[in-house]
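Asks: My questions all concern the structure below.
The values are calculated or read from the model by the stated rules, or taken from the named source; none is laboratory data. From a predicted model like this one, the values you see are computed outputs, not experimental measurements. Every residue, glycine as well, gets a Cβ built from its backbone with ideal geometry; the counts of neighbours run over all protein chains shown. Areas reflect the complete protein model, heavy atoms only, side chains present, ligands, DNA and RNA absent. Shrake-Rupley method; radii C 1.70, N 1.55, O 1.52, S 1.80 Å.
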Amino acid sequence: MKAKNITILISGIILLAATITTSAQESTTMYFMKGMSQSTMYNPALHNDSSAVVIGLPGLSGMYFGLNSDFAVNDLIHYGTGNMSDSLVIDIDGFHNALKDQNTFRQNFDMSIFYLGFRTKNAFVSFSVNEKESAQIGFAKSFITFLKEGNAPYMGKTQDLGSFEFNSYHYREYALGYSQELMNGRLSVGAKFKALFGKFSLQTENLNFTVETAADGSSVKLQTDMQLNFSAPVTPEYNEDDYFKGFEDNFEPSEYVLGSDNMGMAFDLGAVFKVTPKVTVSASIIDIGKIPFKTNVYNVTKNESYTWEGLDFSNSMDDTDPNYISADDMMDEEMEKLKAVVKPKRSEISSNAFDMNLPTKVFIGGTYALNSKLNFGLLDRLYMYNGETANSITVSANAMLGNFFSVTGSYSAMNGTYDNLGLGLAMRLGFLQLYMASDNLMALSDPAKAQAVNVRFGLNILFGRKYQNFVH
Amino acid sequence: MKKFYYKLLLVTLLFIANSCNLDNFDFGKLSDDVNISPEFVMPLASADITIWDIIESVNDENDTLLKVGDNDVIKIVYTEEGIYDYQVRDLLDLPQQKSFSSGNKVIGNISLDNVLVNKEVSLRDITDAVNGNIDNIIPLDGTVNVFPATSYVGPPPAVYAVPDITDFTSVKFAKGNVEITLQNNLPVPITMEGGLINRQTGLGFAAFSFINLGPGNTETITVSMVGKTITNQIDFRMTKFETASTGFPALINLNDKFKLSMNFKDVEISEGNVKTDLQVISGFSGSFDFTFEDGVKVFEAILKGGFLDITSSNNSQLTGTINLTFPQMKKNGNPVQVAIPFSGSPNTVGLSNAVINLASDINTPYNKVPYTYSITVNASSGYINYNSTNFLTLNVNLSNLDYKSIKGDFGNKNITIDNGSFNLDTEFFDKISGNFKLANPELQLILTNAIGVPAEVDADFIAQNKSGQTVSLNPVPFRLATPASLTSPAVNQTITFDKTNSNIVNFIALPPSESISYSGNIRFNPDGAVSSANPNFIDLDSSLKIDLGVELPFELQVKDLTFEDTVKIGSGDMDMIKSAELIVNAINEIPLDIDVQLFFIDTISGQQYSSSAKSKLLTAAQISTAGVITPVTSSNSIALDENELAGLKKANGIVFKGMISSPENGTKTAVIYSNSKLNMNVVIKSKIDL
């Protein structure tokens, strides 16, 4: 029966993972979750678990999937009304109304390769190896406005299609953490040094489009302003006209996995202060640092404009005219011009190192302990990346039942949505601890309406609970 | 307690799992209806062109008729070459062969060389013949005495035979004299009377009298022989012989003589049996008369080729040669001459480049070719009978005559211009309807004339449209320009029919979409006969060619001039189009308003599904009263709403109906200059249902 339960449990976790990997967000529920050693990822001074030694094995100790969007799928696709009530309709108007001026769709994936943490009397030392990947697409509402309305209502005006963002990275993180208990245990401070090795990066510094339509419609001008940085094991190739035509793939799996190029650094800093026996406050700042990409780097800078004024038939009337040009030739010329706007030339691609900043998170929170088994937490999380910020507030109830079963219920207000109920569960089975946490459990009931979905789950190997006072 | 938590965890996980609602991701239920209809505006084309550029672009091979005039006005220029091509050789039916006979040409008198016969008579002959009348001197014979006076007066006369004449046996003189000369070889003056007689008939034909002719003296008496007939045997009949006495002694010898000479001199005979002498008889002449059809009078003809064959016949016993001369038929400036034997073989003369003057006769100064001839009579070896009424006949045959040119009076000749028709061969008229009028159309006859004959051309042209309606041009007759001379080049002449001298405005306004037919005639010498001083002339290799030109300057006064064109359209994905608007922004120097209406049809059944509203496409440029054109900036559009688009989606063809009007609703004339500019851009504005 027990084995059967475990099978069911594992199946459930897999099912859960399978269903929410497509819609997840970085978890704040886990921040105050009792009995979880992963709390140090959010605050290096925060230790919710008192095990003497924590080991995470590759592929088991933790995975994180997160999707975060400024809009929900439901804004775009939902069931219709009336005779369309049984069909999914694409609702551009609704989608458009739901958008902010600038919108982002972000995806994150973290995987712990190795984790080792152990305690001394007043300190905690950890070492971890993680693979981190992120991809982010950003676009302005005005772009959708353009698609929705066209340019006809804007004759005589310039339509700013806004900034487009295509950011993506993959790096390996070697992190060495240390936290120290001070003031007789009332204050804990911690820091984590991270050695980062960039594998891949796509960075949009600038990507703007404007469409200017003449008042009489006689011209449509497309203006591009592009600044992209790129690092990958590829070599750009050019055609005979020196236009970029593609990449030569230089990908070597072993080099990619074991390579140590593009080294950067980052720091985590944190502190936990016990104000009263029942009230604890904490703060941290995560991922202060950057990765300077120097290897296989390419920079694309392109500022072009293309004005389409229709085909000029002035010299296409008489095919005996020495200056005659056919419509086909004119169209070919226009395509060449358009290609020049879109496709970078060799001269527009350089190889200068660039820095990739990490998304920096600031956590400020506090708990009130009702008793030794239950506390209530309030957490503010500030996300900063490339000048963009996103703030979320989470309240949670964190309980430790029977010293082996931890459960956290949370409510978060994030991304302008206020229906995010989170849940964290951890079960200790001897030296093994299974856990999962998500900030938006409601997304499961209607994933289409979710704007932020995340889940972190894994398995910890825990030994000893000698120093209970580290448990905040 | 642990079991409880396990169960709680399991229930929680199952709840979570079961609460997962993926219905919104059943994309099998996703509707195709995106419900987004952006409206895009985009320029399609632009052009900064002249109207000539437009014309060139739509100009198919048949419409090379469009030209630019000297004043830059565009015009349709149509040329129909050779609506009348008259070869001069067709104008006159000139004989290629002509035979003439001179008729019997009497030879007339022939001449004889002088015939001289002498007769000496001695005193003894006289004394013997006079029967003793002067016997008184007989005794004195051989003595020296005073010669005594003697006298004998017949009758009977003393007759002495004259030696026979060998030049003829008998002749009748038509001309000439006989000179009778007495040479007195006697020692005393003598007086003698007598005459010459035909021995056979005894008829005298010459009488003479010498009075007191001194010794040693000579005296001649001339007696006309005209009309007298003699034989070769004549006698000297002396009717009186007298001598005076010498008065002094002298030797008297009865053998002393006087000599009587008879010289027939400068004589021509009209008949006789003679030995002819080599002689040339000239002064013969005549003319051959040509006749041409239709009473054509030819003054001069120049031949490229031909032959003159001459034969003769002769009823006399003469032999000789006829030397024929055509003084008015010259080759290289020299009269054509030919010598032919009497009754001999024919002689042929080539007439290449011969110039024949047929107007040398004062009384009939045309169609006559004069000739002269002389006769060379050979000397006969014996006697031949000859009569002045003997005649010769000349037979002249002109063959293979190839005329180069003719001068003359060709008379009032009417030639009908064969009926014909042509099509202006331009699609322009085929595709238009509506009120259409060209202000200054012209129809031109381009004549190339090398015929030197005054002529008046009376032609008419009839326009016919597709409906069978006709309009006549009603042009006025016109005179044909002629070259100044035969050597002058052909005259090019353009006769223009315009609104001042014809009905051409209505003629073109019909319009002649089906055909233009023509007919007429050419009347030569409308002013009557011409003189040789100012003759008609034609080069047989020249022609009268009439080409036709139609010039239609685009000076239009049109109201809703409609043209249509149908294009097939494919079954493109037009379902996505909710509305469409074609915007034409233009700066127009062309003084024409152009409206457009589109009809969406089934090209097979002809069914019309829908149509657009009539919309202005181009706004006409303004024309001042002085005719100055000011460009007009306009922005016009053709919009299709959903209903019209529904028709378009069903259709497989679009009929483009264009309506053109000159300014001020077609009341003003629009002059279309080739360099009038049209700066335009075409913009499509369309709402697309995605």
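Asks: Let me have the 222 nm mean residue ellipticity of chain B computed from DSSP H runs of 4+ only, each contributing -39500 (n - 2.57), with the sum over all residues rounded to the nearest 500.
Replies: -2500 deg cm²/dmol
Asks: Given the C-alpha centroids of region A:134-204 and region B:232-288, what is the distance between them in whole angstrom?
Replies: Measuring centre to centre over Cα atoms gives 167 Å.
Asks: What residues of region A:249-293 lie in the reach of a label at residue A:353, counting those whose backbone N is under 14 Å from a point 7 Å from the Cα along Cα→Cβ?
Replies: Backbone N within reach: A:261-265, A:290-293.
Asks: Quick check: pseudo-label points 7 Å beyond the Cα along Cα→Cβ at residue A:81 and residue A:281, how many nm apart are they?
Replies: Once both label points are built, they end up 4.9 nm from each other.
Asks: Still on this model: So which helices of chain A fit the span-like rule, where a helix is a whole DSSP H run, its Cα atoms reach 18 Å or more along the axis, and its mean Kyte-Doolittle is at least 0.0?
Replies: Once both thresholds are applied, what remains is A:2-20.
Asks: Which residues' amide hydrogens lie under 5 Å from the amide hydrogen of residue B:497, considering only partners 5 or more residues apart or on another chain, with H built in the peptide plane?
Replies: For residue B:497, whose amide H was placed from the backbone, the distant partners under 5 Å are B:443, B:444, B:445.
Asks: I've got another one for you. Counting only protein heavy atoms and a 1.4 Å probe, tell me what percentage of region B:446-501's accessible area is made up of carbon and sulfur.
Replies: 49
Asks: Right, another one. Ordered by residue, what ³J(HN,Hα) values in Hz, to whole numbers, does region A:434-443 give under the Karplus form 6.51 cos²θ - 1.76 cosθ + 1.60, where θ = phi - 60° and Gly and Pro are x?
Replies: Ordered by residue, 3J(HN,Hα) equals 9, 8, 7, 7, 9, 8, 9, 6, 5, 4 Hz.
Asks: In addition: Would you mind calculating the relative contact order of region B:277-409 from Cα pairs under 8 angstrom and at least 6 residues apart, reporting the percent as a whole number?
Replies: Relative contact order comes out at 44 percent.
Asks: Could you give the length gained by full extension between residue B:688 and residue B:469, i.e. 0.36 nm per residue of separation minus their alpha carbon distance, to one decimal place?
Replies: 73.9 nm
Asks: Remind me, relative contact order of chain A in percent, using alpha carbon pairs under 8 angstrom and six or more residues apart?
Replies: Here the relative contact order equals 20 percent.
Asks: For region B:114-274, what is the convex hull volume of the alpha-carbon atoms per residue, in Å³?
Replies: For region B:114-274, the hull spanned by Cα atoms encloses 91 Å³ per residue.
Asks: Per residue of region A:188-194, in order, report the coupling 6.51 cos²θ - 1.76 cosθ + 1.60 (Karplus, θ = phi - 60°) as ³J(HN,Hα) in whole Hz, putting x for Gly and Pro.
Replies: 10, 10, x, 8, 9, 9, 10
Asks: Let's test the formula: R0 of 35 Å, r as the Cβ-Cβ distance of residue A:382 and residue A:345. What FRET efficiency results, to the nearest 0.05?
Replies: 0.30
Asks: Hey, what do the phi angles of region B:599-614 turn into as Karplus ³J(HN,Hα) couplings, whole Hz, using 6.51/-1.76/1.60 and θ = phi - 60°, x for Gly and Pro?
Replies: Once rounded to whole Hz, the list reads 10, 9, 10, 9, 5, 8, 8, x, 5, 9, 7, 6, 8, 7, 6, 5.
Asks: Determine how many Å³ per residue the convex hull of the Cα atoms of chain B encloses.
Replies: Expressed per residue, the convex hull around the Cα atoms of chain B is 291 Å³.
Asks: Sequence gap at least 6, Cα distance under 8 Å: using those rules, report the relative contact order of chain B to the nearest whole percent.
Replies: Answer for chain B is 17 percent.
Asks: Further question on the same structure: Using only Cα atoms, locate the centre of region B:327-380 and the centre of region B:168-187, then give the distance between them in Å, rounded to an integer.
Replies: A separation of 41 Å, based on Cα centres.
Asks: So if we plug the beta-carbon distance of residue B:209 and residue B:412 into 1/(1 + (r/R0)^6) with R0 = 56 Å, what FRET efficiency do we get, rounded to 0.05?
Replies: Given R0 = 56 Å and the Cβ-Cβ separation, E is 0.15.
Asks: Moving on to the next point. Determine the total buried accessible area between chain B and chain A, counting protein heavy atoms only with a 1.4 Å probe; round to the nearest 100 Å².
Replies: Approximately 4400 Å² gets buried when B meets A.
Asks: Here's a follow-up. Within the P(r) computed for chain A, what percentage of the Cα pairs occupies the region above 32 Å?
Replies: 50
Asks: Going by alpha carbons, how many degrees (0 to 90, nearest 10) lie between the helix axis of B:2-19 and the longest principal axis of chain B?
Replies: The angle comes out near 30 degrees.
Asks: While we're looking at this one, here's another question. Just to verify a number: FRET efficiency for residue B:533 and residue B:294, C-beta to C-beta distance, R0 = 22 Å, to 0.05?
Replies: 0.50
Asks: Per residue, how large is the accessible surface of the protein assembly as shown? Use a 1.4 angstrom probe and give square angstrom.
Replies: 44
Asks: Could you pull out every residue, at least 5 positions away or on a different chain, whose amide H is within less than 5 Å of the one on residue B:205? Hs are placed 1.01 Å off N in the peptide plane, and Pro or chain starts have none.
Replies: B:196, B:197, B:198
Asks: Same structure again: Please list, ordered by chain and number, the residues whose modelled amide H lies under 5 Å from the amide H of residue B:228; skip anything fewer than 5 residues away on the same chain.
Replies: B:173
Asks: Tell me which aspartates and glutamates have Cα within less than 15 Å of residue A:121's Cα, excluding those fewer than 8 residues away on the same chain?
Replies: List returned: A:49, A:181.
Asks: At what distance in angstrom do the alpha carbon centres of region A:373-442 and region A:209-259 lie from each other?
Replies: 40
Asks: Would you compute, from DSSP H runs of 4+ residues alone, the mean residue ellipticity of chain A at 222 nm, taking -39500 (n - 2.57) per run and dividing by the full residue count, rounded to the nearest 500?
Replies: Value at 222 nm, helices only, nearest 500: -4000 deg cm²/dmol.
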